[in-house]
Amino acid sequence: MAGIRVQHPTARSARFTVVESDRPYPKPYQCPAPEFGGCGTTHLFKTHHLNLDETGAVIISDALYEKIKGLLVLNQFSETNVVARPPTMGVGIGVPVPGSGSWGNIPVIRGQS
């Protein structure tokens, strides 16, 4: 499955949340703290957490891209390229690797929905 690299013009090394406000959860979901891969808030709607690298880019699956393309544009993301063989992409909370600093005290940016 291909992936799509999108980039934000100003956000760097942050976790950016994108909310599908037309997809409510059956009950509120308490998201884990940033150090565990979440954003630490309670979600009422389907929320995607995009971990932006130091250039403001992230690769998402082509299927997810099609679902949230409008929200990405609303939040100033632009498509930079298609990635034919992206690294393994997962759904859900990732497991931090000890000593890697992969989660830590990452800034969380809440996007518009």
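Per-structure values
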quantity	calculated
Gain in span if fully extended, residue 27 to residue 41, counting 0.36 nm per residue against the direct Cα distance	3.7 nm
Hz values of 3J(HN,Hα) by residue in segment 40-55 - Karplus curve (6.51, -1.76, 1.60), Gly and Pro given as x	x, 10, 8, 9, 9, 10, 3, 10, 9, 9, 9, 8, 7, 7, 5, 9
Positive-end extreme of charge dipole, segment 15-55 - chosen from 32, 55, 45 (charges on Cβ)	45
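No value in this document is a laboratory result; all are computed from the given coordinates. Just so you know, these numbers come straight off a predicted model, no measurement behind them. Reconstructed Cβ throughout: ideal geometry from the backbone, glycine too, with neighbour counts over all protein chains shown.
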